[in-house]
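The values are calculated or read from the model by the stated rules, or taken from the named source; none is laboratory data. All values derive from a computational prediction rather than experimental measurement. Cβ placement follows ideal geometry from the backbone for every residue including glycine, while neighbour counts extend to all protein chains displayed. The protein model used for the area step is the full one, side chains on, heavy atoms only, and it has no ligands, DNA or RNA in it. Shrake-Rupley method; radii C 1.70, N 1.55, O 1.52, S 1.80 Å.
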Amino acid sequence: MDYQEIMRDIASGLTGENEKDIQYLMEQMEKYKDHEFGKEIIRACGRLISGMLPEEKVNEFANAFEKDNAEIENELDDLFSTIQSGDYNLALDKVEKLVEKAEELISAGMYQNDSVSDYFCFINPMQELLYGYRHRDSEKDIRPSNFPFATVYFFYGNILFELGRYTEANVALEKAKRWNPMDADIAFEYAETYKAMGDIETFFDYTIEIFNFAYKSEDLARCYRNLGYYFIEKKMWQEAIACEDYSLNFDSNTDAAYGELFYIEQTTHLEIKPAPIETMKKFSRKYGFPLEPNEDVVGLAIAYGENSAENGNDEFAKYFLNIAYDLTHFDEVKQLLNELERKDNVPYEQ
């Protein structure tokens with residue numbers, strides 16, 4: 001029998017009497033522990049049992065879980081403060097303790113992907129939505145992990161990078177990507193390790209990949225700045241000027257692009273001016289980078305924003321529509337946001 005058939009068979013043996021059913025499900029977990037789908041069956045039975053536990057037991061588990069989560073969050077906050085202080089050796093000592101906890105959970109089989117479920121650490125609805133859409137042909141359920149693996153490995157990689165241990169940083173950030181493949185901050189830091197190791201071609205290739213899931217204008221701007229850096233390294237000055245300048249369309253409040261353009265001007269004495277759109281289109285075709293936000297990202301944000309508004313879920317509607325407006329500045333999106341904000345008598349700020 002396949003997994004679904006086994007679970008249907010197990011479900012047919014439930015009586016509706018919680019105490020008896022819990023014992024029965026535990027017996028099934030023992031029975032199938034060495035089965036091909038043993039991991040999936042045990043997890044499914046565990047979820048069924050959790051729905052049958054007495055309220056006081058559920059509250060007991062919930063309180064213990066919240067306490068553990070609070071302790072981890074405090075450790076992460078302390079770690080972040082240490083990183084901000086610039087004491088990376090102390091930060092490394094702290095993060096290694098968190099990495100040890102993560103590795104223990106992984107070694108114990110917690111939150112490992114199986115044939116039924118995939119576990120991730122998405123930090124917001126847009127990330128989960130994007131991943132689900134890009135893997136819409138998969139029949140697996142997307143489930144959250146209750147330990148912040150992605151954040152822990154991200155901090156670990158960041159600290160190792162700052163200490164000049166680029167290869168190790170790359171490995172840590174690869175793990176962070178596994179737990180949250182839709183997080184641009186992780187992706188950019190991962191790309192930086194290749195730049196630091198001198199692999200400028202992989203840095204370029206991975207930057208092109210980030211365009212596919214960038215859902216904030218500032219992230220798109222960083223993608224173009226990355227391309228600008230690549231072209232500077234190649235001494236392809238016109239392409240570099242074009243990409244650095246184009247990044248300002250998405251984020252004009254950063255000194256990074258202006259600094260690179262100043263460097264090019266001082267180095268080459270070329271005139272710094274925006275490339276004509278036809279030139280940008282030529283570069284886009286030649287090097288394989290987009291000139292607009294990813295259409296799937298925009299389309300999903302608008303569709304889910306409109307759907308949430310129609311269903312009366314104004315907070316989700318504003319969340320998704322703000323993403324769409326940040327990327328596009330479409331008038332129709334702005335109008336929808338204004339309509340939602342008028343409900344609270346708060347004008348939408350452009």
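Remark on F120: its backbone amide H falls under 5 Å from those of R143, S145, a criterion applied only to residues 5 or more positions apart or on other chains, H modelled at 1.01 Å from N. Rounded to the nearest 10 degrees, what's the angle between the helix 125-134 long axis and the longest principal axis of the chain, both from Cα atoms, 0 to 90? Approximately 90 degrees, to the nearest ten.
Ordered by solvent-accessible area of protein heavy atoms (1.4 Å probe), largest first, the residues K20, K318, K234 come out as K20, K234, K318.
A simple rule links phi to the HN-Hα coupling: the Karplus curve 6.51 cos²θ - 1.76 cosθ + 1.60 with θ = phi - 60°, which for the range 334-342 gives 4, 4, 4, 5, 4, 5, 5, 5, 4 Hz, with x for Gly and Pro.
Tell me, in nm to one decimal, what length is gained between I123 and N212 on full extension, where the rule is 0.36 nm per residue of separation less the Cα-Cα distance?
30.2 nm
Its Cα centre serving as origin, the chain has a Cβ charge dipole (Lys and Arg +1, Asp and Glu -1) of approximately 860 debye.
Using a probe radius of 1.4 angstrom, the carbon and sulfur fraction of the accessible surface of the range 204-350 is 46%.
Under 1.5 on a/c is rounded, so check that first for the range 79-228, then, if it is not, pick prolate when a/b is larger than b/c and oblate when it is not; a ≥ b ≥ c are the square roots of the alpha carbon gyration tensor eigenvalues.
On the way: a/c = 1.87, a/b = 1.08, b/c = 1.73.
The shape class here is oblate.
Once the 1.4 Å probe is applied to the protein heavy atoms, the range 220-308 comes out at 53 Å² accessible per residue.
Relative contact order for the range 152-215: what percent, with Cα pairs under 8 Å and sequence separation of 6 or more? Walk me through the numbers on the way to the answer.
On the way: 61 pairs, mean separation 17.6, N = 64.
After rounding, I find 28 percent.
Only one residue of Y153, Y133, A191 has its Cα farthest out toward the positive end of the dipole of the chain, where Lys and Arg carry +1 and Asp and Glu -1 on Cβ, and that residue is A191. Residue by residue, the range 202-208 carries 3J(HN,Hα) couplings of 5, 4, 5, 4, 6, 4, 4 Hz when phi is fed to the Karplus relation 6.51 cos²θ - 1.76 cosθ + 1.60 (θ = phi - 60°); x denotes Gly or Pro.
Can you list, largest first and rounded to whole Å, the semi-axes you get for the range 69-147 by taking the square root of 5 times each eigenvalue of its Cα gyration tensor? Before the final figure, lay out the partial values.
Numbers: eigenvalues 180, 52, 19 Å².
Its equivalent ellipsoid spans semi-axes of 30, 16, 10 Å.
What the phi angles of the range 253-258 give under the Karplus curve with 6.51, -1.76 and 1.60, with θ = phi - 60°, is a coupling list of 9, 10, 7, 4, 5, 4 Hz, glycine and proline written as x. A convex hull fitted around the alpha carbon atoms of the range 173-256 yields 85 Å³ per residue.
Using only alpha-carbon positions in the range 129-183, the gyration tensor eigenvalues give semi-axes of 27, 11, 8 Å once each is multiplied by 5 and square-rooted (largest first).
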